[in-house]
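The values are calculated or read from the model by the stated rules, or taken from the named source; none is laboratory data. Everything numeric here is computed off the predicted structure, so don't read it as measured data. Positions of Cβ are backbone-derived with ideal geometry, glycine not excepted, and every protein chain shown enters the neighbour counts.
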Amino acid sequence: MIILECLTDAGLAAVAAVGFAAISRPTKRIAVMAGLLAAFGHMSRFLLLQAHVGIASASLWAGLIISFCSMPIARKCHTPAEMFVFPALLPMIPGMFAYKAILATLQFLNTAGTPEGQKVLASFVYNGLTAFFIMCALAIGAILPLLLFHREAPLGRALQRFGGSNNTPL
Amino acid sequence: MPQAVVAEHAAGLPVLTAKELIEFIQLFSSTLLGAGGQTTRVDRTACRIARAYDFEVELAIFPKHLMLSVIKPAAGGIPAERRTAVSSIVSGAPNFQRVAALNALSWAIADEKLSLEEARQRFNAICAVPTLNPVLLRFLVSCANAAFCGLFNGDITAMGLVFCATLLGFYLRQKLLHWGLDIKVTFFLCAFAASLLASLGIILHLGATPQTAMAASVLFLIPGIPLINAMLDILDGHVLMGVSRLIQASTLIICIALGLATTMLLMGVDSL
């Protein structure tokens, strides 16, 4: 059952990633690869959420996975890795948390001073902070592998020596 | 005229001056920024191009303008030539194809030693690539948003509602932006229209999760790429650029929330 849910999640994430990326006019190769990466990343986040990991940590992990997997693809396609990572991250952008926080602010203006107001304020803080932390987690997850394994970084140089002449610039 | 330049003239070789190069790099950088390139990438790309022609470049990037100096280094520390230009950044929609192609062009300039004329031709060709067919785009975005609704545990009815709402909202967005309406007003109107259509689910009690349908119906408007770019810019140390991109994206999200709030007010929906 969990496998079926997992695959549904991956499929939906892939469709969402490709569709949202289409607004930013990707090439066909970018769209296909981003769809695959999104499916993989979102599935891992789904599994982590099922295992009661916090949503920000799960997003960090998903971002890391997507970014790691994008590097060999980028090298092979001679395209910057961000071009695959950005669309793949799109289904995980905390858009709903962000506007729920703003809706809560609007409601708070009408309910200030009542017990209802406290609930709305808590909802604002929760949604706003969640949106912020997910956004940070995604960005850190996306950039960390690129920084660590960049051509000029120590780890990247070691990897290149290890991998031979595989030094296509990114 | 310096000795070397005279010699090159005598040999019939075209001499590249900083004046010509700065025009190209200025256009290149502002296009790359407008297409949603990260600030660090723009900086690196500009340096790469300048170095291919034996020049140096210094770049200062502001939210709406960029300043750059192109320097011809010379022995002794005093540059042989220096030109500075300020240009405004044409803000446009993120365009992956353009960023990828411009990046490839910069490497081609560095590796294949393209002449400036050839580089300019290739640049124009990259900028002339047309956008995706609007009808296809509308369909893709609608599918994506319906799938997104599925990710938030919406049932099949909710997904159908979201599909229709997105189709309407995105059509409106394309038309209004085409007519040149302000982007914030456009986002407000699109969010209002999309959520109004999706709110039919709540009023007519369609399916088991009409609330999810309404909440997900406006998500196609969220400016995801600018948000990621903003966070990456801040992490890279381009804090000014990052914060300005973050504020621009947040403004749009506030417009979306206001559109949704208007629907909730009209339809008497208390919470999502």
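Pairing residues of region B:18-38 that are in a helix (DSSP H, G or I) with residues that are acidic (Asp, Glu), at Cβ distances under 9 Å and at least 6 apart in sequence or on separate chains, gives B:Ala18/B:Glu81; B:Lys19/B:Glu81; B:Ser29/B:Asp43. If you check B:Gln26, B:Gln97 for being buried (at least 18 other Cβ atoms within 10 Å of the Cβ), under 25 Å from the mean Cα position of the chain (by Cα) and at pLDDT below 90, only one passes: B:Gln97. For region B:106-134, the set of residues classified as of a type outside the set (Val, Ile, Thr), surrounded by 12 or more Cβ atoms within 10 Å (Cβ to Cβ), within 14 Å of chain A (Cβ to nearest Cβ) and more than 30 Å from B:Lys175 (Cα to Cα) consists of B:Ser106, B:Trp107, B:Ala108, B:Ala110, listed by residue number. Taking each residue of region A:3-31 that is facing chain B (nearest Cβ under 9 Å) and farther than 11 Å from B:Phe148 by Cα and looking for partners that are crowded, with 21+ Cβ neighbours inside 10 Å and among the hydroxyl-bearing types (Ser, Thr, Tyr) with beta-carbon atoms closer than 8 Å, six or more apart or interchain, yields A:Ile30/A:Thr79.
Of all residues in region B:255-272, those satisfying the criterion of being more than 15 Å from B:Ile203 (Cβ to Cβ) and modelled with pLDDT of 90 or more are B:Cys255, B:Ile256, B:Ala257, B:Leu258, B:Gly259, B:Leu260, B:Ala261, B:Thr262. Here B:Ser271 passes the criteria (1) of a type outside the set (A, V, I, L, M, F, W, C); (2) part of a helix (DSSP H, G or I); (3) touching a Leu at 6+ places or on another chain (Cβ under 9 Å) except the one numbered (2). Considering only residues in region A:120-144 that are facing chain B (nearest Cβ under 10 Å) and over 30 Å from A:Met71 (Cα atoms), the one that is surrounded by the most Cβ atoms within 10 Å (Cβ to Cβ) turns out to be A:Val120. Could you check how many residues of region B:135-145 are within 10 Å of chain A (Cβ to nearest Cβ) and of a type in the set (Val, Ile, Thr)? Residues that pass the stated criteria total 1. With the requirement that a residue be small (Gly, Ala, Ser), within 24 Å of A:Phe132 (Cβ to Cβ) and more than 9 Å from every other protein chain (Cβ to nearest Cβ), what does region A:71-118 give you? Within region A:71-118, A:Ala88, A:Ala104, A:Ala112, A:Gly117 meet the criteria.
Suppose the filter is within 18 Å of B:Asn145 (Cβ to Cβ) and not in a helix (DSSP H, G or I); does B:Leu227 pass it? Considered against the rule, which asks whether it is within 18 Å of B:Asn145 (Cβ to Cβ) and not in a helix (DSSP H, G or I), B:Leu227 comes out as no.
All conditions in (1) at pLDDT below 95; (2) more than 13 Å from every other protein chain (Cβ to nearest Cβ); (3) under 21 Å from B:Ser250 (Cα atoms) hold for B:Val185, with the sole exception of (1).
Here region B:155-182 is the region considered, the condition is being touching a residue at least 40 places away in the same chain (Cβ under 8 Å) and surrounded by fewer than 21 Cβ atoms within 10 Å (Cβ to Cβ), and the residue that is nearest to B:Leu252 (Cα to Cα) is B:Gln174.
Any residue in region B:202-214 that is buried (at least 22 other Cβ atoms within 10 Å of the Cβ), within 24 Å of A:Ala104 (Cα to Cα) and within 12 Å of chain A (Cβ to nearest Cβ)? Looking for residues that are buried (at least 22 other Cβ atoms within 10 Å of the Cβ), within 24 Å of A:Ala104 (Cα to Cα) and within 12 Å of chain A (Cβ to nearest Cβ), one finds at least one in region B:202-214, hence yes. I'd like to know if region B:115-127 contains one or more residues that are of a type in the set (Val, Ile, Thr) and farther than 21 Å from B:Ala35 by Cα. No - not one qualifying residue is present in region B:115-127.
As a summary of the residue check, B:Leu105 satisfies the conditions (1) closer than 16 Å to B:Ile22 by Cβ; (2) among the hydrophobic types (A, V, I, L, M, F, W, C); (3) in contact with a helix residue (DSSP H, G or I) (Cβ under 6 Å, 6 or more places away or on another chain) except for the one numbered (1). Checked against (1) in contact with a Gly (Cβ under 9 Å, 6 or more places away or on another chain); (2) farther than 23 Å from B:Pro94 by Cα; (3) of a type in the set (A, V, I, L, M, F, W, C), A:Leu103 meets all criteria but (1). For region B:53-68, taking the residues that are in contact (Cβ under 8 Å) with a residue 24 or more places away in the chain and in a strand (DSSP E or B), the one that is nearest to B:Glu112 (Cα to Cα) is identified as B:Val57. For A:His52, the conditions (1) within 10 Å of chain B (Cβ to nearest Cβ); (2) of a type outside the set (A, V, I, L, M, F, W, C); (3) outside any helix (DSSP H, G or I) are fulfilled apart from (1). Is region B:231-253 home to any residue that is within 7 Å of chain A (Cβ to nearest Cβ) and buried (at least 24 other Cβ atoms within 10 Å of the Cβ)? Looking for residues that are within 7 Å of chain A (Cβ to nearest Cβ) and buried (at least 24 other Cβ atoms within 10 Å of the Cβ), one finds at least one in region B:231-253, hence yes.
Restricted to region A:78-170, the set of helices (runs of 4 or more DSSP H) holding at least 3 residues that are modelled with pLDDT of 90 or more comprises A:82-89, A:95-111, A:115-148.
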